Amino acid sequence: MMFGSLFPLLQPLLHRVDPEKAHDLSVAALEKLPLPACGPDDPRLAVTAFGLEFANPVGIAAGFDKNARVPDALMRLGFGFVEVGGVTKHPQPGNPRPRVFRLGEDRAVINRYGLNSDGMEAVAARLMQRDGRGKGSKGVLASRGVLGVNLGANKDSSDRIADYVDLTRRLGPLADFLTLNISSPNTPGLRDLQGRAFLDELIARVLEARAAEGLATRILLKIAPDLDDIQLDDIVAVALSRGIDGMIVSNTTIARPASLKDQATAREAGGLSGKPLFRASTIVLAKTFQRVDGAFPLIGVGGISSGEDAVAKIAAGASLVQLYSALIYQGPALIGEIKSAILRAMARENVADVAGLVGRGADVWAKASA
């Protein structure tokens, strides 16, 4: 894997430049390098979730490929699914730079991008040009892997719910799943949509739009890790009553753990991701798993920096996992490490598939303290 083998050489250079510039260079490299496809995954890694077939349970979270420039290149790195975005209805620049900060000693990142996006029309145009996309399909795509699109509202929108509806209509035919991102900490007021009344209206209108368009696209909900039990109860109750297809747990956190070594950088505003997010996000994942009680699958994201972290997310209740920040520090080799760790866990627990590992440790994680 060319990109993966080059990473140890490129990492010191990338970390000498501004984090956002380094990110842009990484995306540009994926656009230009002739990446060969990875070999086939071990069939035991296959997962069926949301009625979709995943070759393996390891995905890349929204935020890396914000504007759908390299979804198929990311698939060739070995991901079982790719979530692009967040995408807003209209183009917007996001917050002023600098807006991304590395906490190297903590293996963490703080970002306050503010949903910088080329807008839904530019993203739609790129997705329509994907190689292997099913022609004229209105639902699941005939692509090399499962594709999700993360949706967000424009900062200056007068009707944010209408933004999500329009995004669903435009991008739904081009994706296997859509994620309603109501948990970014960097768009003022966006997390207010996690309140019960707003959330109920949001999901109802999005599902109505999906039905009106005749789409089979799955609708997922991404939540914050900074929820108390009452807020989580409300969110899950709405999700269950409206019949969404799944949830992603969780987004970045506005908390700053006392354990952070780089306390100076920790004072920057924005969402914290990476290794320090692992424990809090996994606890919320386990609590969500308990409340959902098998009604739909969950994707676990937040702080995965090793194969064993991914196995722990699955044990806490995730059918699939996503990563992003750890790639900044460890590179694409982490993808294969996670797959190997999952296979070892399956052998250790004497189960035939990934589903046999899901939720085995949820009760323990749900009782843990952040």
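What follows draws every value from the coordinates through simple rules; no lab data is involved. What you see is a predicted model; the values in this text were computed from it and never measured. Methodologically, a virtual Cβ is constructed for each residue, glycine included, from the backbone with ideal geometry; neighbour enumeration extends over all protein chains shown.
Greater than 23 Å separation of Cα atoms is the criterion. Which listed pairs, K32/K66; K89/K222; K222/K313; K261/K367; K275/K313, meet it?
Exceeds cut-off: K261/K367.
Put a dot 7 Å past each Cα toward the Cβ at I230 and A333; how far apart are the dots in nm?
4.9
Take each of the peptides 215-227, 114-126, average the number of other beta-carbon atoms within 10 Å over its residues, and list them starting from the highest.
The most tightly packed comes first, giving 215-227, 114-126.
So how do 38-44, 163-169, 80-86 stack up, highest first, on mean other-Cβ count within 10 Å?
The peptides rank, most packed first, as 80-86, 163-169, 38-44.
Which residues in the stretch 308-323 have a backbone N closer than 19 Å to a point placed 7 Å from the Cα of A347 along the Cα-to-Cβ line?
308-312
How would you order 304-310, 28-34 from highest to lowest mean count of nearby Cβ atoms within 10 Å?
Result, highest mean Cβ count within 10 Å first: 304-310, 28-34.
Add -39500 (n - 2.57) for each DSSP H run of 4 or more in the chain, then divide by its residues: what number comes out at 222 nm, to the nearest 500 deg cm²/dmol?
For the chain, the value works out to -12000 deg cm²/dmol.
Return the whole-Å distance between the Cα centroid of the stretch 66-95 and the Cα centroid of the stretch 171-231.
Using only Cα atoms, the two centres lie 18 Å from each other.
Taking a cut-off of 39 Å, what percent of all Cα-Cα pairs in the chain are separated by more than that?
I get 7 percent for the Cα pairs in the chain exceeding 39 Å.
Let me check I've understood the local charge: for N154, count other residues with C-beta under 9 angstrom from its C-beta, Lys and Arg +1, Asp and Glu -1. What total comes out?
Within the 9 Å Cβ shell, the charges total +1.
Which value, in Å³ per residue, describes the convex hull spanned by the Cα atoms of the stretch 158-267?
121
Expected output is a single nm value to one decimal: the length gained when fully extending between E53 and E121, i.e. 0.36 nm times separation in residues minus the C-alpha distance. What is it?
The span from E53 to E121 would gain 21.7 nm if fully extended.
When DSSP assigns beta bridges and you keep just the ones with both residues in the stretch 202-303, what percent turn out antiparallel, to the nearest 5?
10
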